[in-house]
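Participant: Got a structure for you, written out below as structure tokens; questions coming shortly.
The values are calculated or read from the model by the stated rules, or taken from the named source; none is laboratory data. Note that the coordinates shown come from a computational prediction; the quantities given were computed from them, not determined experimentally. Cβ placement follows ideal geometry from the backbone for every residue including glycine, while neighbour counts extend to all protein chains displayed. All accessible areas refer to the heavy atoms of the entire protein, side chains included, with ligands and DNA or RNA removed. Shrake-Rupley method; radii C 1.70, N 1.55, O 1.52, S 1.80 Å.
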Amino acid sequence: MVTAMITTSSETLPWQPIFTIERSRKAEVTVYGIVSVVTGDDNFADFARPLEQRYRTLVSHGKTDFELWTRSLLKPWQLLSHMDTLKRNYPDLKDEHYALFMASHSAEPCHMEALDTVMKLTGINEESLRCPQASPLCQESKDLMKSRGEKPRRRYHNCSGKHSGYLAALKAMGEKPESYLDENNPHHDDLKEILAYFTGRPTSSFVATTDGCQLPNYALSTFEIAGIYQSLFNLENKTLARPEWSHWGKLGQLMHTYPRYVSGLGRLDYKIMTGEAFPGADFQAIAKEGADGLLGVSIISNKFPNGLGICIKLSSGFDNKHMELILREILQQLELAPPKKKEAQDVRVDHIKTHFHFQTNATCSGTKALPLSTTVS
């Protein structure tokens, strides 16, 4: 097998250094990526205005207009494309089921129980799922699977909740469920119309790829992702172009109320939503991890009444420690989270320094940015 080598210059890459870790004044680790942080202006929901006029940029690091596959960050809007159909046709579905439809779940027992209930209420079955067969991310479920002598199953795939939502919606509309993966299925036009409405771009600009779960996926810039995440907590009771999109304003609250159904214990987005990641922080947040180094966050706080939208992309793929470190620095610069408390220890760490290469736009945020160098253990 011959692998083609692709060469790119630093000028064509969208990434920039986000932070560097030094040990005794010698650089040891540099993490590259893109960071976008925005806040809405008072008329951010006026979708007739260009996106750039509806948002103030607080952090723009790297090529924030570079389009990236949205991966699992797209899940709330994938649900929105058929949420009204589900609401009208399956009145017994509960809020936690809608949270599961947006999930990248760990296949914990509660996730599997909710999935079974969805299948019972909608009349779909595991054999209809077209996500890949997988083993649970949750160790408890892995052990149960092993004890039962099970092989990987589609139900254990982290996107099985999302797929069940698609299947139930197509069943209710009288369409062939087996066609739901086809990017040419008119059902996917609804999602492209939602994205076009938000961004102001034509629907023809959204070219599809096949996501890891096999559903079509579309690319947005980190600036657009930050903006669309800001809207999750802030569009309730807003007038939108189509009445079936009115559920948009409920997506964020569903995620915030049922973080475990959206993710799983110990996961970074779960810890952000429950406050475990940043104890003492002065905000409420929802968050979503995406494959290969993506994180989307929506925040509401007294300091930013129109909300914050954050998108972080790591060039090397997802790393919990690095992602949490970057988000903590953003929140500290915006004076939304206190510094992490240092635990007393007899291990020397004062020779390790972390230098961040971005700074919040104080003129936009009304805050004073913190120094760009902190000590971490």
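Table: residues versus (1) more than 23 Å from Gly40 (Cα to Cα); (2) over 15 Å from the mean Cα position of the chain (by Cα); (3) not charged (D, E, K, R).
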{"site": "Lys162", "(1), (2), (3)": "yes, no, no"}
{"site": "Leu167", "(1), (2), (3)": "yes, yes, yes"}
{"site": "Arg242", "(1), (2), (3)": "no, yes, no"}
{"site": "Pro259", "(1), (2), (3)": "yes, no, yes"}
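Participant: Okay, moving on. Could you go through the stretch 30-48 and let me know if any residue there is crowded, with 20+ Cβ neighbours inside 10 Å, over 19 Å from the mean Cα position of the chain (by Cα) and either hydroxyl-bearing (Ser, Thr, Tyr) or modelled with pLDDT of 95 or more (or both).
Facilitator: yes
Participant: Also: Does the stretch 330-361 hold any residues that are among the hydrophobic types (A, V, I, L, M, F, W, C) and either at pLDDT 90 or above or out of contact with any strand residue (DSSP E or B) (no Cβ under 9 Å at 6 or more places or on another chain) (or both), and which are they?
Facilitator: Ile330, Leu331, Leu334, Leu336, Ala337, Ala344, Val347, Ile352, Phe356, Phe358
Participant: Ser204 versus (1) crowded, with 19+ Cβ neighbours inside 10 Å; (2) of a type in the set (Ser, Thr, Tyr); (3) farther than 22 Å from Lys87 by Cβ: which is the lone unmet condition?
Facilitator: (1)
Participant: Out of the residues in the stretch 20-59 that are in contact with a Ser or Thr (Cβ under 6 Å, 6 or more places away or on another chain) and among the small types (Gly, Ala, Ser), state the one that is nearest to Gly227 (Cα to Cα).
Facilitator: Ser36
Participant: Condition first: farther than 18 Å from Gln230 by Cβ and of a type in the set (Val, Ile, Thr). Now tell me which residues in the stretch 263-284 satisfy that.
Facilitator: Correct list: Thr274 only.
Participant: Related question: In this structure, is Gly212 surrounded by fewer than 21 Cβ atoms within 10 Å (Cβ to Cβ), touching a residue at least 12 places away in the same chain (Cβ under 8 Å) and within 25 Å of Glu67 (Cα to Cα)?
Facilitator: Yes, satisfied.
Participant: From (1) in contact (Cβ under 8 Å) with a residue 24 or more places away in the chain; (2) among the aliphatic types (A, V, I, L, M); (3) part of a loop (DSSP other than H, G, I, E, B), pick out the condition that doesn't hold for Ala48.
Facilitator: (1)
Participant: Do you know which residues across the stretch 183-192 are without any contact (Cβ under 8 Å) to a residue 40 or more places away in the chain and in contact with a helix residue (DSSP H, G or I) (Cβ under 6 Å, 6 or more places away or on another chain)?
Facilitator: Correct list: Asn185, Lys192.
Participant: Which one of Arg260, Arg242 is more than 30 Å from Pro109 (Cβ to Cβ) and among the charged types (D, E, K, R)?
Facilitator: Arg242 is the lone residue from the list that is more than 30 Å from Pro109 (Cβ to Cβ) and among the charged types (D, E, K, R).
Participant: Would you say Leu100 is over 19 Å from the mean Cα position of the chain (by Cα), modelled with pLDDT of 95 or more and hydrophobic (A, V, I, L, M, F, W, C)?
Facilitator: For Leu100, the condition - over 19 Å from the mean Cα position of the chain (by Cα), modelled with pLDDT of 95 or more and hydrophobic (A, V, I, L, M, F, W, C) - is not met.
Participant: Would you check if Lys75 is out of contact with any Asp or Glu (no Cβ under 7 Å at 6 or more places or on another chain), outside any strand (DSSP E or B) and surrounded by fewer than 18 Cβ atoms within 10 Å (Cβ to Cβ)?
Facilitator: no
Participant: Follow-up question, since we're still on this one. Quick check on this structure: which one of His111, His82, His105 is more than 21 Å from Phe304 (Cβ to Cβ), in contact (Cβ under 8 Å) with a residue 40 or more places away in the chain, under 17 Å from the mean Cα position of the chain (by Cα) and open to solvent by less than 10 Å² (accessible area, probe 1.4 Å)?
Facilitator: His105 is the lone residue from the list that is more than 21 Å from Phe304 (Cβ to Cβ), in contact (Cβ under 8 Å) with a residue 40 or more places away in the chain, under 17 Å from the mean Cα position of the chain (by Cα) and open to solvent by less than 10 Å² (accessible area, probe 1.4 Å).
Participant: Taking the conditions exactly as written (of a type in the set (S, T, N, Q), open to solvent by 20 Å² or more (accessible area, probe 1.4 Å) and either at pLDDT below 95 or under 16 Å from the mean Cα position of the chain (by Cα) (or both)), does Ser221 satisfy them or not?
Facilitator: The answer is no for Ser221.
Participant: Within the stretch 325-337, can one find any residue that is farther than 16 Å from Phe233 by Cα, small (Gly, Ala, Ser) and either open to solvent by less than 20 Å² (accessible area, probe 1.4 Å) or assigned to a loop (DSSP other than H, G, I, E, B) (or both)?
Facilitator: Within the stretch 325-337, one or more residues are farther than 16 Å from Phe233 by Cα, small (Gly, Ala, Ser) and either open to solvent by less than 20 Å² (accessible area, probe 1.4 Å) or assigned to a loop (DSSP other than H, G, I, E, B) (or both).
Participant: Given the structure, is Trp69 out of contact with any strand residue (DSSP E or B) (no Cβ under 9 Å at 6 or more places or on another chain) and at pLDDT 95 or above?
Facilitator: Considered against the rule, which asks whether it is out of contact with any strand residue (DSSP E or B) (no Cβ under 9 Å at 6 or more places or on another chain) and at pLDDT 95 or above, Trp69 comes out as no.
Participant: Being outside any helix (DSSP H, G or I) and open to solvent by less than 50 Å² (accessible area, probe 1.4 Å) is the filter; apply it to the stretch 155-180 and report the residue that is modelled with the lowest pLDDT.
Facilitator: Among them, the one singled out is Tyr180.
Participant: All but one of (1) over 22 Å from Leu191 (Cβ atoms); (2) in a loop (DSSP other than H, G, I, E, B); (3) out of contact with any Lys or Arg (no Cβ under 9 Å at 6 or more places or on another chain) hold for Glu113, so report the exception by its number.
Facilitator: Single failed check for Glu113: (2).
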